[in-house]
1. Which residues, taken from the range 131-150, are of a type in the set (Val, Ile, Thr) and over 19 Å from residue 78 (Cβ atoms)?
2. Give me a count of the residues in the range 56-85 that are charged (D, E, K, R), surrounded by fewer than 17 Cβ atoms within 10 Å (Cβ to Cβ) and modelled with pLDDT of 90 or more.
3. Taking the stated definitions as given, is residue 102 farther than 27 Å from residue 18 by Cβ, among the acidic types (Asp, Glu) and surrounded by fewer than 20 Cβ atoms within 10 Å (Cβ to Cβ)?
4. Somewhere in the range 134-146, is a residue closer than 23 Å to residue 45 by Cβ and surrounded by fewer than 11 Cβ atoms within 10 Å (Cβ to Cβ)?
5. Tell me, which helices (runs of 4 or more DSSP H) wholly within the range 85-166 include 3 or more residues that are of a type in the set (Ser, Thr, Tyr) and out of contact with any His (no Cβ under 8 Å at 6 or more places or on another chain)?
Amino acid sequence: MSASAETLAFLRDVRVFEGFSDPDLAAVADRLRERELRKRQVLFREGDPGDEMFIVRRGTILISKAVTGKVEQVLVRVEPADFFGEMSLFDGSPRSATAQAETDVALLILERESLQAMTETAPRAAAAFFYEMVQVFMERLRRSTQQVAEATRWGLEATGLDVEAR
């Protein structure tokens, strides 16, 4: 079964697939599964096992983390053409946050097994995908590092310590 022209056109707007040749994009698209969620439906919870990443085709997903007790902090709102869950795709680690549909949602799913098969059957596509993912990981790491620095500064200021003192 080959991917529809509509799916291929949509994937062109997904950052990690922007630089793909048509055959490489088709190789990826043919390995994606589709899934729909109703508004407020939980896709996975923090700590759940996982081995797939998700691309939002329609709707929005809220990614949240348990802060204390039943309190959840929304970390990010994932919009169409963006993706999430990629850490589990690579290392099979438990989910680091909870994903819940904010609206009715349509997702495209790339499983680790499909990615491994793609590395064998379409190595150029897999290499392009890995390169783009590394770029995304570096951006997200920089953003996290900046957030840690800001939180540390706020914590020091809240305690009355002089953050400028050396």
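1. Of all residues in the range 131-150, those of a type in the set (Val, Ile, Thr) come to 134, 136, 145, 148.
Matches in the range 131-150: 134, 145, 148.
2. Total satisfying the criteria: 4.
3. On the way: farther than 27 Å from residue 18 by Cβ: no; among the acidic types (Asp, Glu): yes; surrounded by fewer than 20 Cβ atoms within 10 Å (Cβ to Cβ): yes.
Spelling it out, it is not the case that residue 102 is farther than 27 Å from residue 18 by Cβ, among the acidic types (Asp, Glu) and surrounded by fewer than 20 Cβ atoms within 10 Å (Cβ to Cβ).
4. Yes, the range 134-146 contains at least one residue that is closer than 23 Å to residue 45 by Cβ and surrounded by fewer than 11 Cβ atoms within 10 Å (Cβ to Cβ).
5. Numbers: elements: 86-91, 112-121, 123-158.
Per the criteria, 112-121, 123-158.
The values are calculated or read from the model by the stated rules, or taken from the named source; none is laboratory data. Treat the numbers as computed from the prediction; the structure is a model and nothing was measured. Reconstructed Cβ throughout: ideal geometry from the backbone, glycine too, with neighbour counts over all protein chains shown.
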